[in-house]
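Trainee: Once you've had a glance at the structure underneath, I'll fire off some questions.
Derivation of every value follows stated rules applied to the coordinates shown; laboratory data play no part. These numbers were taken from a predicted model, which means no experiment stands behind them. Here Cβ is always computed from backbone atoms with ideal geometry, including for glycine, and neighbour counts include all displayed protein chains.
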């Protein structure tokens, strides 16, 4: 008699804030009041619209010092390395200008 084997995979994402060591994340501000919020869309069509709407809501809810919308991140053909490596200068510059960054992927 043969034995039947079944492997199940969950489509549910394992979110990093649930599985990673909490000490590896940047400290979260207790409030966004007086902060400059950076919005970093990816290259998907609706990401800019999602973040623009979120930026408006945050301005209504908090006393923000400012909101900075970055240019969408473009996927480039890479011969070596990772996409994040091609964005290092852009991300370093953004980090100097804002207190908090929110990113989005939209379709």
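Trainee: For the pair residue 95/residue 26, report the inter-label distance in nm, with labels modelled 7 Å from Cα in the Cβ direction.
Mentor: The answer from the label model is 0.7 nm.
Trainee: Applying 1/(1 + (r/R0)^6) with R0 = 35 Å to the Cβ-Cβ distance of residue 105 and residue 63, what FRET efficiency is obtained, to the nearest 0.05?
Mentor: E(calc), rounded to 0.05, equals 0.80.
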